[in-house]
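Chemist: Could you have a look at this structure, given as structure tokens, before my questions?
None of the figures in this text is laboratory data; all of them are computed from the coordinates on show. In this text the structure is predicted, and so the values were computed from the model without any measurement. Counting neighbours? That spans all protein chains shown, and the Cβs are built from the backbone with ideal geometry, glycine included.
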Amino acid sequence: MDFTTSLIKWYENDHRLLPWRETSDPYFIWLSEVILQQTRIDQGTNYYIRFIEHFPTLKDLASASEDEVLKLWQGLGYYSRARNLHFAAKFILNSYNGQFPDTYDAILSLKGVGEYTASAIASIAFNLPYAAIDGNVYRVLSRFTGLDAPIDTGEGKKMFRELANHFLDQKNPGIYNQAVMELGAVVCTPQSPDCKNCPLNDSCVALRDKTISMLPVKIGRTVQRNRYFNYLDITSGSHTFIHQRKGGDIWHGLFEFPLIETVAEIGVDELILNKEWSDLFDGIKPVITGWERVPVHLLSHLKIYTRFIRIDLPEEFDLSEKYRKVLKKDIFKFAVPRLVERYLINRYE
DNA sequence: CAAACGTGGTA
DNA sequence: TTACCAAGTTT
């Protein structure tokens, strides 16, 4: 049997039962695909379930506020996915009368939908012949054919696209795409793949040549920068202060305490001499009741060193209008970064 | 095109 | 504890 036939036969018998595999509704397929971008199934499944509970239809999602969508997305990372998802839902409701677009080009033009996701939706929901190429597919194709072109350069990607189109099952593109990804996820894994039980092990070039551990080839990785955050956990009577992060930086749309970022690690005694500090408190001398460091927070491209400083202010005091004065007991209603959530759980729960 | 964009699991 | 990297997209 050839690659495609063996793969589909294996998938029909062995695939996992996942919630989004019980439907062909493009709204659900879309939702699952966006949630699973750069995200493991173990991590994304609960989010998918909560999303379809809260937003059973595209119209429900479109009718929600962005803050509500971000709150449901909290902890999943890559928050632009949530904002783009919400934007696209409103767009589909307004421009397509709520009818999910059914051509590759129209799907691709949705915010937050790139080539992979457009191919996945087009093939799975509409049975259109587009090969979806994600990290699993690169790995499976690279090992099966022995192609050692890098998967993160334009030239390499083009070669893998040709391979993917060559192997695509034109009649069952949705099943085929899911089959390749499934194989990559459960058999042809990055480390210690289960080649003994692989349906393709009789014709896999990398297995024959013992190059499994060297494929696929990747070129680059961006270096991590350091950032230094000082969050001000202010108590003003039964209130505290928060603000919403803007675009052009991490965590766009999420909430956090007033933040003073420094270019290097400095002491609290230095921090209170900082101009941002005096601007923030404008004349008032706040009482520092304590402070604590939290473990370094790792992002794909950042290491964030953080200190939370607890401060007491007179009840009637207000910060500038950039900051919202909210009841402390309401703090968990806001979408916050994991880093902040961990602190809140320790401190307020 | 390279870099930005989160978080958590694994070795 | 570092390093990799997961159903990628945007700028």
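Chemist: Enumerate the pairs (first residue in region A:171-188 and over 19 Å from A:TRP30 (Cα atoms); second residue anywhere and part of a helix (DSSP H, G or I) and aliphatic (A, V, I, L, M)) with beta-carbon separation below 6 Å, excluding pairs fewer than 6 apart on the same chain, so at least 6 apart or on different chains.
Modeler: A:LEU183/A:VAL140; A:GLY184/A:VAL140; A:CYS188/A:VAL140
Chemist: Let me ask something else about it. Could you list, in sequence order, all residues of region A:232-253 that are in contact with a Phe, Trp or Tyr (Cβ under 7 Å, 6 or more places away or on another chain) and surrounded by fewer than 17 Cβ atoms within 10 Å (Cβ to Cβ)?
Modeler: Just the residues of region A:232-253 that are in contact with a Phe, Trp or Tyr (Cβ under 7 Å, 6 or more places away or on another chain), to begin with: A:232-234, A:236, A:241-245, A:251-253.
Within region A:232-253, A:HIS243, A:HIS252 qualify.
Chemist: For region A:10-59, how many residues meet the condition of being among the charged types (D, E, K, R), out of contact with any Asp or Glu (no Cβ under 9 Å at 6 or more places or on another chain) and within 16 Å of DNA strand B (Cβ to nearest atom)?
Modeler: Summing the residues that are among the charged types (D, E, K, R), out of contact with any Asp or Glu (no Cβ under 9 Å at 6 or more places or on another chain) and within 16 Å of DNA strand B (Cβ to nearest atom) in region A:10-59 gives 4.
Chemist: Further question on the same structure: Hey, could you check region A:198-223 for residues that are without any contact (Cβ under 8 Å) to a residue 24 or more places away in the chain and more than 10 Å from DNA strand C (Cβ to nearest atom) and say which is farthest from A:LEU147 (Cα to Cα)?
Modeler: In this case the residue turns out to be A:CYS198.
Chemist: When region A:62-113 is examined, which residues are found to be among the charged types (D, E, K, R) and within 20 Å of the chain's Cα centre (by Cα)?
Modeler: Listed by number, the residues that qualify are A:GLU66, A:ASP67, A:GLU68, A:LYS71, A:ARG81, A:ARG83, A:LYS111.
Chemist: Does at least one position in region A:165-179 carry a residue that is surrounded by fewer than 20 Cβ atoms within 10 Å (Cβ to Cβ) and over 27 Å from A:ARG21 (Cβ atoms)?
Modeler: no
Chemist: Given the structure, is A:ASP318 within 29 Å of the chain's Cα centre (by Cα) and of a type outside the set (Lys, Arg)? Walk me through how you get there before you give the answer.
Modeler: Numbers: within 29 Å of the chain's Cα centre (by Cα): no; of a type outside the set (Lys, Arg): yes.
No; evaluated as a whole, the condition is false for this residue.
Chemist: Here is a further query. With (1) more than 16 Å from DNA strand C (Cβ to nearest atom); (2) loosely packed, with under 14 Cβ neighbours inside 10 Å as the list, and A:GLU256 as the residue in question, which single condition is left unmet?
Modeler: (2)
Chemist: Determine, yes or no, whether A:ASN127 is surrounded by fewer than 19 Cβ atoms within 10 Å (Cβ to Cβ), under 27 Å from the mean Cα position of the chain (by Cα) and polar (S, T, N, Q).
Modeler: Criteria met by A:ASN127.
Chemist: Moving on to the next point. Of A:ASN226, A:ASN230, A:ASN177, which residue is within 16 Å of DNA strand C (Cβ to nearest atom) and part of a strand (DSSP E or B)?
Modeler: A:ASN226
Chemist: Out of region A:142-156, which residues are within 13 Å of DNA strand C (Cβ to nearest atom) and part of a helix (DSSP H, G or I)? Quick ask: steps written out before the conclusion?
Modeler: Of region A:142-156, the ones within 13 Å of DNA strand C (Cβ to nearest atom) are A:142-143, A:150-154.
Those that are within 13 Å of DNA strand C (Cβ to nearest atom) and part of a helix (DSSP H, G or I): A:SER142, A:ARG143, A:GLY154.
Chemist: Let me ask something else about it. Return the residue satisfying two criteria in turn: it lies in region A:5-38 and is away from DNA strand C (no atom under 11 Å from the Cβ) and hydroxyl-bearing (Ser, Thr, Tyr), and of such residues it is nearest to A:GLY77 (Cα to Cα).
Modeler: If we take residues in region A:5-38 being away from DNA strand C (no atom under 11 Å from the Cβ) and hydroxyl-bearing (Ser, Thr, Tyr), then A:TYR27 is nearest to A:GLY77 (Cα to Cα).
Chemist: For A:PHE144, state whether it is buried (at least 23 other Cβ atoms within 10 Å of the Cβ) and aromatic (Phe, Trp, Tyr).
Modeler: Working: buried (at least 23 other Cβ atoms within 10 Å of the Cβ): yes; aromatic (Phe, Trp, Tyr): yes.
Yes; evaluated as a whole, the condition is true for this residue.
Chemist: Look through region A:39-61, keep the residues that are over 12 Å from the mean Cα position of the chain (by Cα) and surrounded by 19 or more Cβ atoms within 10 Å (Cβ to Cβ), and return whichever of them is nearest to DNA strand C (Cβ to nearest atom).
Modeler: Step by step, filter region A:39-61, then rank; the result is A:TYR48.
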